[in-house]
Structures are given as C-alpha cells and as structure tokens.
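We did not get these values from a lab; they are worked out from the coordinates using the rules stated. The structure displayed is predicted, hence computed values, not measured ones. All Cβ positions, glycine included, derive from the backbone under ideal geometry; neighbour counts span all protein chains shown.
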Amino acid sequence: MRAAILVLLILGIAVCAPSAKAGLSTTPRDTTASVEPPSLMDEATQQSEDQIRLTRAKRRDVQRRLTRLGFDTRPSGKFDDATRDAISRWQEQHGYAKTGFLNTAQHQALLSESSAAREAGRSEHHGGGRGRRSRGIGGPIGAIGHVVGGIFGR
C-alpha cells in the first residue's frame, strides 16, 4: 500500500510540475468597454425608448446595470422618478442630452459599459466568491492530491 501511495505521489508531482512553472500571466488585458461615442443629434425621448420595447424584466436589468455603475436605483421594473434621475445622471456623464429616457444607441452603450464593469469586477475578485470548486476524489488518493496540491501552492 505504501508503495502505491509513493507511486501516486510521484505521478502527481510529475503531472503538476509544468503547471507550477507557468505562473501568473503578465499580459495586460483591455477592460474598457467599446462604447460608441455619444450621438448628440439623437436625443432620447419617450418615443425612442418605446421603440426599444423594454419589457419589465429588461427594465429591471437596466436598473441593475445602472446600480452596478454607481447610479443607485431600485430594480422594480418600472422607470419611476428615481430611475429617470439615474438615467439622466448617466447620460450627463457620457455627454448625452439629459432627458431621462433611453434610445437604442444609449441602451446598447449602457449594456456594454455595465458588462465591461462586471467582467472587470470578476477578474479583480476572482468571481466574487461564486465560482465552482471541484470536489475531487476522496480517500487516500484525494489526500495525496491535496498534499501534492499544497506542495505546489494550488
């Protein structure tokens, strides 16, 4: 039994050695969103927002994205005064006319910007603690795996 454990330990070390040498990537990543420049000619109105056909779920998504970007609003699915104010502040920050309504280009810009912010947050926080963890194999083989992983800092 000890011989089998020793063989498995040596195999584990041999398998993990190349990945231990790899280390962290030093290649910089571009985390900025590719948001199209504001079109000051296309002022957003109630009519332009109606053309987007935002369902209640999509309105909640817009509210959550605004909150993620620092424009706090409650995700109710209704664009109340607080939401209109948050949209206006977001528009002002991006050089759009402050109307409190969205048009298609602004809606797409908001989606892109908040997606980039979410990805940046994941890379900084390693998934925000919601990542999956492998359960691995239990018993003596699992114990050997944990020891080998501990040796190589995994």
>> From the C-alpha coordinates alone, can you work out the Kirkwood hydrodynamic radius of region 46-126, in Å?
In response: 12.8
> What is the magnitude of the charge dipole of region 46-126 about its Cα centre, with +1 placed on the Cβ of each Lys and Arg, -1 on the Cβ of each Asp and Glu, and no other charges, expressed in debye to the nearest 20?
Replying inline: 320
> Given the Cα-Cα distance of Val7 and Asp72 and 0.36 nm per residue of separation, how much length would full extension add, in nm?
Replying inline: 17.6 nm
>> Counting other beta carbons within 10 Å of each residue's own, what order do Leu111, Leu66 fall into, fewest first?
In response: Leu111, Leu66
